[in-house]
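Participant: One structure, pasted below without further comment.
The values are calculated or read from the model by the stated rules, or taken from the named source; none is laboratory data. The structure presented is a predicted model; accordingly, all values stated were derived computationally and were not measured. Heads up, the Cβs are rebuilt from the backbone with ideal geometry, glycines too, and the neighbour counts pull from every protein chain shown. When the accessible area is computed, the model is the full protein with side chains, heavy atoms only, and any ligands, DNA or RNA have been set aside. Shrake-Rupley method; radii C 1.70, N 1.55, O 1.52, S 1.80 Å.
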Amino acid sequence: MTQSEFTAFYPQFAGFTPAVVLTTYIGQANARFSAFSAEDAEEARRLYTAHKLTLYARVALPDGVTPNKSAIAAAGQSQQKIASKKVGEVSVTYETGASSSSSASSDLADLTETGFGLQLLSLLRLYGYARYVP
């Protein structure tokens, strides 16, 4: 998959900056999904790239913000899902992420974080990649 093929399918990523991030994720996607049919492999590569770019965009500094330690630290904070909340005597409990101890599944453990990732997860299940299911 080339950058132009990817952005033709997902025009919202055209002009993504920094461009090196886009080319890096396309390269990673191209190295995956060899066991899939040609059509499914292309779809999986597009979804993987879109998923990773979406995650990157969540933590990237907004345009015009001068990089400094506090801005970088704030941008790098992952969004936490609320597992439970209580109003009286205020209490909030956040979900904990998947364990990163299993290296085989940790690479794609974040698939539930984006719509692209959820679609990729469905495709992975068709090919018996149950180990990637969080």
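Participant: Against the condition at pLDDT 95 or above and not acidic (Asp, Glu), how does Arg45 come out, does it pass? Write out each step before concluding.
Facilitator: Numbers: at pLDDT 95 or above: yes; not acidic (Asp, Glu): yes.
Against the criterion (at pLDDT 95 or above and not acidic (Asp, Glu)), Arg45 qualifies.
Participant: Still on this structure, please answer the following. What number of residues within the range 27-41 are surrounded by fewer than 17 Cβ atoms within 10 Å (Cβ to Cβ), within 17 Å of the chain's Cα centre (by Cα) and not small (Gly, Ala, Ser)?
Facilitator: Here the count works out to 3.
Participant: Based on this model, can you work out whether Ser34 counts as at pLDDT below 65, over 17 Å from Phe6 (Cα atoms) and not in a helix (DSSP H, G or I)?
Facilitator: Spelling it out, it is not the case that Ser34 is at pLDDT below 65, over 17 Å from Phe6 (Cα atoms) and not in a helix (DSSP H, G or I).
Participant: Let me spell it out: the conditions are (1) in contact (Cβ under 8 Å) with a residue 40 or more places away in the chain; (2) open to solvent by less than 40 Å² (accessible area, probe 1.4 Å); (3) assigned to a helix (DSSP H, G or I), and Lys52 meets all of them except one. Which number is the exception?
Facilitator: With respect to (1) in contact (Cβ under 8 Å) with a residue 40 or more places away in the chain; (2) open to solvent by less than 40 Å² (accessible area, probe 1.4 Å); (3) assigned to a helix (DSSP H, G or I), Lys52 is out only on (1).
Participant: Which residue, of Thr2, Thr24, is modelled with pLDDT of 90 or more, farther than 21 Å from Thr114 by Cβ and open to solvent by 60 Å² or more (accessible area, probe 1.4 Å)? Give the steps one after another, and end with the answer.
Facilitator: Details: Thr24 fails: farther than 21 Å from Thr114 by Cβ.
Selected residue: Thr2, the only one of Thr2, Thr24 that is modelled with pLDDT of 90 or more, farther than 21 Å from Thr114 by Cβ and open to solvent by 60 Å² or more (accessible area, probe 1.4 Å).
Participant: On to the next question. Residue by residue through the range 107-134, note down the ones that are over 14 Å from Phe36 (Cα atoms), at pLDDT 90 or above, of a type in the set (A, V, I, L, M, F, W, C) and surrounded by 17 or more Cβ atoms within 10 Å (Cβ to Cβ).
Facilitator: Passing the criteria: only Phe116.
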